[in-house]
Amino acid sequence: MGAVETSGVSFTTFQLGGAAYQWWRAYELSSPAEAASHTWIQFSDMFLREYVPQSLKDSWRADFEQLRQGSMTVSEYAVCFSDLARYVLALVATVRERVRRLIEGLHPNIRISMDRELEMDISYQQVVSIAR
């Protein structure tokens with residue numbers, strides 16, 4: 001697990017203020033003491049449900065689903081992909097799904113050469129490196 005997965009929730013909730021702090025504090029107080037710690041994905045999902053309007057979430061999802069490399073470099077496309085993917089975690093819940101969706105949005109000539117990567121257990125970062 002990465003640093004975000006293991007420490008991200010603690011770090012983020014420590015920095016909450018105002019209504020967000022009150023919301024998280026009330027949630028913690030209502031949770032059983034023996035409850036397992038939340039993963040970053042669980043916390044993100046809860047936070048987005050509480051504080052982000054559905055219309056904005058729908059917009060992020062549409063932007064993500066329509067994202068294609070177009071005139072961007074692979075690096076620029078990967079940055080846009082990652083920025084939008086953090087708002088639609090359910091669509092890229094596994095590394096395999098993240099890689100598949102990233103490859104799907106690449107230029108056809110790059111995508112064709114990357115299709116074999118889907119058959120292997122390869123990380124998202126490796127795909128970005130290979131596609132460059």
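The values are calculated or read from the model by the stated rules, or taken from the named source; none is laboratory data. Everything quoted here is computed from the prediction, not taken from an experiment. Here the Cβ is made from the backbone with ideal geometry for all residues, glycine too, and neighbour counts use every protein chain on show.
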### Flag if Asp45 is within 20 Å of Ala93 (Cβ to Cβ) and at pLDDT 90 or above
no
### Query
Looking at region 56-93, which of the residues that are buried (at least 19 other Cβ atoms within 10 Å of the Cβ) and of a type outside the set (A, V, I, L, M, F, W, C) is farthest from Leu106 (Cα to Cα)?
Tyr77
## Note on the structure
By residue number, the members of region 32-55 that are part of a loop (DSSP other than H, G, I, E, B) and loosely packed, with under 12 Cβ neighbours inside 10 Å are Pro32, Ala33, Glu34, Ala35, Ala36, Ser37, Pro53
### Task
Check off (1) touching a residue at least 40 places away in the same chain (Cβ under 8 Å); (2) in contact with a Gly (Cβ under 6 Å, 6 or more places away or on another chain) for Arg86 and give me the number that stays unchecked.
(2)
### Task
Quick one: which residue in Val95, Val88, Val99 is modelled with pLDDT under 90 and touching a Leu at 6+ places or on another chain (Cβ under 7 Å)?
Val99
